[in-house]
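Chemist: My structure is below; once you've seen it, I'll send some questions.
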Amino acid sequence: MAKLPIKLAIIGGGSSYTPELVEGVLKRREQLPVSEIHFVDVEAGLEKLEIIAALTRRMIAKAGADITVTASLDRRAAIAGADFVMTQFRVGGLQARARDERIPLKYDVIGQETTGPGGFAKALRTIPVILDICKDIEELAPDAWMLNFTNPAGLVTEAVLKYTKVKAIGLCNVPVSMKMMIAAMMDCEPDELSLECAGLNHLVWAHRAWLNGKDVTAEVLQKVGDGAGYTMKNIAEEPWDPDFLNALGAIPCPYHRYFYQPDAMLAEEKATAQTEGTRAEQVMKTEQELFDLYRDETLAEKPAQLENRGGAYYSDASLNLVDAIYNDRKTVHVVNVRNNGTISALPDAAVIECSAVVGSWGAKPITVGSLSPAVLGLISQVKAYEQLTVEAAVHGNYNQGLMALANNPLVPDIHRAKAILDDILRENHDYLPQFHAG
Ligand code: G6P
C-alpha cells in the first residue's frame, strides 16, 4: 500500500540547531517522503526564523528534493494536518537560560540549563506553553506524534502525558551520544553495540553494554575511568574515579557528573563564568557566528561550526524515531515515555528515559525490573523533584516549587532553596503568569 507523504511541524523552527534537522530529513529521503515542513516561532524569533527558512530552501534545492517549506508565526496552521510535531523551543531565549545558570551560582549551587535549579526554572516557564501547544494538537492533529526535545525533556514530557491526550515521546541526544562515544572507545561500529539504558532524562545509565553479544560493561567502565573521551560539548570533562565506576557497575551519562561530583563541577562552573561566561553566555556568541553564516546566500549545507554545540546527533535521534514509527521498523531507540513497570520501583505514570522498541504504535519500553539501590536512591529523589516541579509549574504553586527544590539533590539547604526560588520567581516574572493569578 502506498504510504502518505509526511508533514512536519517544527515548533521553535528558528533554532540554530534546525539545519541539522533539515540535513537529517534530506539524508533519509528514500525512506521518509517528507513533502512539507512548517517552521513556526514567536514574534521575537522572526528574523532567525526567516534566515533558517531561506537556508532550508537552499539546502533542499541543492539536494534536488521536492519539499514545501513554510515559515510563519501561525502555530495552528503549522500543526493542522501535521504527522509529526517536533518541539524544540526555549521560552525566554538564551537570556533566560543565562539567568537560570547565574542565579544558583550566587548561592554556591550548580547553575545548569537542565539539572538543578536552572532546569527547574526552565520547566516553570516551559510547561504552561507546551500544554497550550498540546491543546492545538488535540484539536487540529489528534493523530500526530509529538516528539519533544524541549528541555528539561523528561520533565516536560511528563507534564504533557499527565495533562493532555497528545501522543508524545520525549527525546534527547545524550543516549545516542553515549553510544557513539562508547563505540569510539571500543573501536567498533555503533551498530555493533547494544546498550540497556534506563533512568531519567540527563540521568540515564547504560546498565549493560554488549558488543556483538559479549557483555563489555566492565571494560567500558574501565576505559571511562582511565580517561577515555566521554563528555558532550556543554559539559566539562571532569575525570571519573575508577574505583567509584567499578563499584557502581553501570555506565553513567555525562550529566551524572553534576550529581556525583558537584564540588568539582561547581568550582569549574564558577571559574568559567568569571572568565568566558556561563554556557548560555558562550552559546550566545556561537549563535551569532552561526546566524552570520546562515545568512550567507551561498551557503547550502549545515556548517561544521554547529558541531560546537552540545546537541550533536539530535537530528539522528528524532528522524530515526520518525523512521521507526512511519515505517513500522520495530527497532530499539532510547526514549522518554511512561514507566509502566519498566523500572519496578518507580510509579507507572512517571516518565523515564529507557530503551524501547519503536514501531507504528509508538514506543514499548524494554523492562529492566528492579534496579540496584546504588542507582535507585538518586532516580527516586530526582523523580520526586520532577513530579513536584510539574505540579508547581501547572498550578503556579509556591509550596510545591519549594518542595521541588528542597528535594533536588543539587540543592543542599532549604534556606538556599527558598532564596533561589524567590530569585527565580522574581527574575522570570513576565514568563510565569501562573504564579501571579488571583
Ligand atoms: C546537550 C543536551 C541538550 C542540550 C544541549 C545544550 O546535548 O542533551 O539537552 O540542549 O546539550 O547544548 P549547548 O551547546 O546549547 O550548551
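Computed from the coordinates by the stated procedures, all read-outs in this text should not be read as laboratory data. Please read these numbers as outputs of a predicted model, since none were measured by experiment. Quick reminder, even Gly has a Cβ in these numbers, built from the backbone with ideal geometry, and neighbours come from all protein chains shown.
Chemist: So how much slack lies between L73 and M180, counting 0.36 nm per residue of separation and subtracting their Cα-Cα distance, in nm?
Modeler: Additional length available on full extension: 34.9 nm.
Chemist: Shifting gears a bit: What is the Å³ per residue value for the convex hull set by the Cα atoms of segment 6-170?
Modeler: So the per-residue hull volume is 105 Å³.
Chemist: Provide, as a two-decimal number, the C-alpha radius of gyration of segment 102-229 over 2.2 N^0.38 Å, N being how many residues it has.
Modeler: So the Cα radius of gyration is 1.31 times the expected 2.2 N^0.38 Å.
Chemist: Further question: Which of the chymotrypsin sites (Phe, Trp or Tyr not before Pro) across segment 334-438 are loop residues per DSSP, with 13 or fewer other Cβ within 10 Å?
Modeler: W361
Chemist: Continuing with the same structure: What are the extents of the Cα atoms of segment 174-310 along their three principal axes, listed from largest to smallest and rounded to whole Å?
Modeler: That gives 50, 37, 25 Å along the principal axes, largest extent first.
Chemist: So if R0 is 45 Å, what FRET efficiency would K418 and A247 give, r being the distance between their Cβ atoms, rounded to the nearest 0.05?
Modeler: Between K418 and A247 the formula returns 0.80.
Chemist: Just the number, please: percent antiparallel of the DSSP beta bridges in the chain, rounded to the nearest 5.
Modeler: So the antiparallel bridges in the chain amount to around 50 percent.
Chemist: If r is the Cβ-Cβ distance from E289 to K330 and R0 is 45 Å, what FRET efficiency results, to the nearest 0.05?
Modeler: Efficiency for this residue pair is about 0.60.
Chemist: State the volume of the convex hull built on the alpha-carbon positions of the chain, expressed per residue in Å³ and rounded to an integer.
Modeler: Residue-normalised Cα hull volume stands at 140 Å³.
Chemist: Tell me, which longest segment in the chain has none of the GluC sites (Glu not before Pro) that fall in DSSP loops with at most 11 further Cβ atoms within 10 Å?
Modeler: 31-275
Chemist: Have a look at A384, S318, S360 and report the one farthest towards the positive end of the charge dipole of the chain, computed about the Cα centre with Cβ charges (Lys/Arg +1, Asp/Glu -1).
Modeler: Farthest along the dipole direction, towards plus: S360.
Chemist: Give the lysines whose C-alpha is closer than 22 Å to that of K302, dropping any in the same chain fewer than 8 places away, or say none.
Modeler: K7, K27, K48, K62, K233, K285
Chemist: List every residue whose amide H lies under 5 Å from the amide H of A206, counting only residues 5 or more places away in sequence or on a different chain, with H placed 1.01 Å from N in the peptide plane.
Modeler: Distant-sequence amide H within range of A206: I251.
Chemist: So which of K179/K214; K179/K223; K122/K270 end up more than 18 Å apart, counting from Cα to Cα?
Modeler: Listed pairs above 18 Å: K122/K270.
Chemist: At 0.36 nm per residue, minus the direct Cα-Cα distance, what do N212 and S360 gain on full extension? Give it in nm, one decimal, please.
Modeler: 50.6 nm
Chemist: Say each of Q95 and R29 gets a label point 7 Å from the Cα, pointing the same way as Cα to Cβ; how far apart are those two points in nm?
Modeler: Result for the modelled spin labels: 4.1 nm.
Chemist: If you don't mind, another one. Among the aspartates and glutamates, which fall within straight-line cross-link reach of K364, defined as a Cα-Cα distance under 19 Å, with same-chain neighbours fewer than 8 residues apart omitted?
Modeler: D143, E158, E196, D323, D328, D348, E353
Chemist: While we're looking at this one, here's another question. If you place +1 on the Cβ of every Lys and Arg, -1 on the Cβ of every Asp and Glu, and leave all else neutral, what size is the dipole of the chain about its Cα centre, to the nearest 20 Debye?
Modeler: 780 debye
Chemist: Can you give me the distance in nm between label points at T275 and N397, each placed 7 Å from the Cα along the Cα-to-Cβ direction?
Modeler: Between T275 and N397, the label points sit 4.5 nm apart.
Chemist: When T389, T68 are ordered from fewest to most other Cβ atoms inside 10 Å of their Cβ, what list results?
Modeler: If I rank by nearby Cβ atoms, fewest first, I get T68, T389.
Chemist: Taking 10 °C and 1.306 mPa s as the conditions, I'd like the Stokes-Einstein D for segment 1-94 in µm²/s, using the Kirkwood hydrodynamic radius from alpha carbon pairs.
Modeler: Taking Rh from Cα pairs, D becomes 119 µm²/s.
Chemist: Would you please give the FRET efficiency between D226 and D108, computed as 1/(1 + (r/R0)^6) with r the Cβ-Cβ distance and R0 = 41 Å, to the nearest 0.05?
Modeler: That gives a FRET efficiency of 0.85.
Chemist: Please identify which residues in segment 210-226 have an amide N closer than 16 Å to a label point set 7 Å out from the Cα of E268, following the Cα→Cβ vector.
Modeler: Residues 224-226 fall inside that zone.
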